[in-house]
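Trainee: First, the structure itself, so that you have it in front of you.
Read-outs: derived from the displayed coordinates by stated rules, not from any lab. None of these values were measured; they are calculated from a predicted model. Ideal geometry is used to build each Cβ from the backbone, glycine not excepted, and the neighbour counts take in all protein chains shown.
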Amino acid sequence: MAHIKWSDDLNTGIQVIDKQHLRIVEYINSLDDIQESHDRDEVERILGELVDYTLSHFAFEESLMEDAGYAFINGHKMVHELFVKRVGDFQQRFKMGEDITEELLTVLKSWLINHIKSDDNDYVQTVLANMENINSTKESGWLSRSIKKFFG
């Protein structure tokens, strides 16, 4: 299966989000690389890291939307929740011994690209405007506030 190649049309313009998306792409491409070897331990390790990283990304992304007052945050959260459930189902099938890698890769690749280009693109202007507003009023930065929100 072909790797996901990062392209400018996947950039949101929010640097930290773009870096996180790129990291998710790297995990997916690593999973793609290992699929040929049928090394279940390595597939399990990469899949676990991908899920953990994606969950933290979703939480961070949602905090940015919440801080910005994004009107459709609940719908976006629901999209995230449905995706997490779907990937959890794949993990369960994998634990039961099923070879899910190729099917999972197909889902991950199409979902991520579609999600970035449509769902994520919808909140970008609201979040960027909020970031600019915060920077212009000299309040604490959005990154600082988000880190405090997660880590106290």
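Trainee: Residue check: is Lys19 in a helix (DSSP H, G or I), farther than 15 Å from Leu105 by Cβ, within 16 Å of the chain's Cα centre (by Cα) and free of Cβ contacts under 8 Å to residues at least 12 places away in the same chain?
Mentor: Taking the combined requirement at face value, the residue satisfies it.
Trainee: Check whether at least one residue in the range 61-72 is surrounded by fewer than 18 Cβ atoms within 10 Å (Cβ to Cβ), within 12 Å of the chain's Cα centre (by Cα) and part of a helix (DSSP H, G or I), and report yes or no.
Mentor: There is at least one residue in the range 61-72 that is surrounded by fewer than 18 Cβ atoms within 10 Å (Cβ to Cβ), within 12 Å of the chain's Cα centre (by Cα) and part of a helix (DSSP H, G or I).
Trainee: Scanning for something β-branched (Val, Ile, Thr) and within 17 Å of His38 (Cβ to Cβ), does the range 94-105 turn up at least one residue?
Mentor: Within the range 94-105, one or more residues are β-branched (Val, Ile, Thr) and within 17 Å of His38 (Cβ to Cβ).
Trainee: Test each condition in (1) within 30 Å of Ala129 (Cβ to Cβ); (2) surrounded by 13 or more Cβ atoms within 10 Å (Cβ to Cβ); (3) without any contact (Cβ under 8 Å) to a residue 24 or more places away in the chain for Arg93 and report the one that comes out false.
Mentor: Failed condition: (1).
Trainee: Could you please find all residues in the range 22-47 being among the hydroxyl-bearing types (Ser, Thr, Tyr) and part of a loop (DSSP other than H, G, I, E, B)?
Mentor: Answer for the range 22-47, where residues must be among the hydroxyl-bearing types (Ser, Thr, Tyr) and part of a loop (DSSP other than H, G, I, E, B): just Ser37.
Trainee: Something else: Inspect all residues belonging to the range 50-60 and state whether any of them is in contact (Cβ under 8 Å) with a residue 24 or more places away in the chain, loosely packed, with under 15 Cβ neighbours inside 10 Å and more than 19 Å from Leu128 (Cα to Cα).
Mentor: Scanning the range 50-60, I find at least one residue that is in contact (Cβ under 8 Å) with a residue 24 or more places away in the chain, loosely packed, with under 15 Cβ neighbours inside 10 Å and more than 19 Å from Leu128 (Cα to Cα), so the answer is yes.
Trainee: Please verify whether the range 37-47 includes one or more residues that are touching a residue at least 24 places away in the same chain (Cβ under 8 Å) and among the acidic types (Asp, Glu).
Mentor: Checking the range 37-47: at least one residue is touching a residue at least 24 places away in the same chain (Cβ under 8 Å) and among the acidic types (Asp, Glu).
Trainee: Output the residue which, of all residues in the range 3-16 that are among the hydrophobic types (A, V, I, L, M, F, W, C) and in contact (Cβ under 8 Å) with a residue 24 or more places away in the chain, is nearest to Ala68 (Cα to Cα).
Mentor: For the range 3-16, the residue satisfying everything is Ile14.
Trainee: Here's something else I'd like to know. Testing Ile4 on (1) in a helix (DSSP H, G or I); (2) surrounded by 13 or more Cβ atoms within 10 Å (Cβ to Cβ), one condition comes back false. Which one is that?
Mentor: Tallying (1) in a helix (DSSP H, G or I); (2) surrounded by 13 or more Cβ atoms within 10 Å (Cβ to Cβ), Ile4 fails exactly one: (1).
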